[in-house]
Amino acid sequence: MQSYIEKSTGAKLPIRSQLENDGRPEIVVGAGRIAAGLGVTSEGLGHDAFFIRTVGNRLVILGRDDPRRRDTGSCTGPARDDPRCVSVHAREA
């Protein structure tokens, strides 16, 4: 995510393992102790689903992958008819 933001905006966001509490906006990615401390967990979230929530000045993004499937791309909905969209699914036996 850091590289995509840098490519699109020119800003390289620092990656930290804890919240700074300095009043600046922060992006929290993934279910873990930081997201849980903000009251956001993956509880009740279906497989291959995600949350995007704001908590104060923080953006929390977390998801729950289906452990039986590994995707390198996703083409669903209207995107599946786009010839530029490529979806590769590898299922574990």
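The values are calculated or read from the model by the stated rules, or taken from the named source; none is laboratory data. Bear in mind the structure is a predicted one, so any value in this text is a computation, not a measurement. We place every Cβ from the backbone using ideal geometry, glycine too, and count neighbours over all the protein chains shown.
Assorted remarks:
- Pair list, Cβ < 9 Å and 6+ apart or interchain, from region 51-72 residues that are at negative phi and outside any strand (DSSP E or B) to residues that are modelled with pLDDT under 85 and among the basic types (Lys, Arg): Arg68/Arg91
- Among (1) at pLDDT below 85; (2) out of contact with any Lys or Arg (no Cβ under 8 Å at 6 or more places or on another chain); (3) exposed (fewer than 13 other Cβ atoms within 10 Å of the Cβ), the one test that Ala11 misses: (1)
- Selection over region 14-39 of residues that are farther than 13 Å from Val55 by Cα and in contact with a Lys or Arg (Cβ under 8 Å, 6 or more places away or on another chain) gives a count of 1.
- Condition broken by Ile52, with the remaining ones in (1) within 12 Å of the chain's Cα centre (by Cα); (2) closer than 22 Å to Gln2 by Cβ; (3) surrounded by 11 or more Cβ atoms within 10 Å (Cβ to Cβ) satisfied: (3)
- Qualifying positions in region 14-40 - modelled with pLDDT of 90 or more, closer than 14 Å to Arg64 by Cβ and assigned to a loop (DSSP other than H, G, I, E, B): Val40
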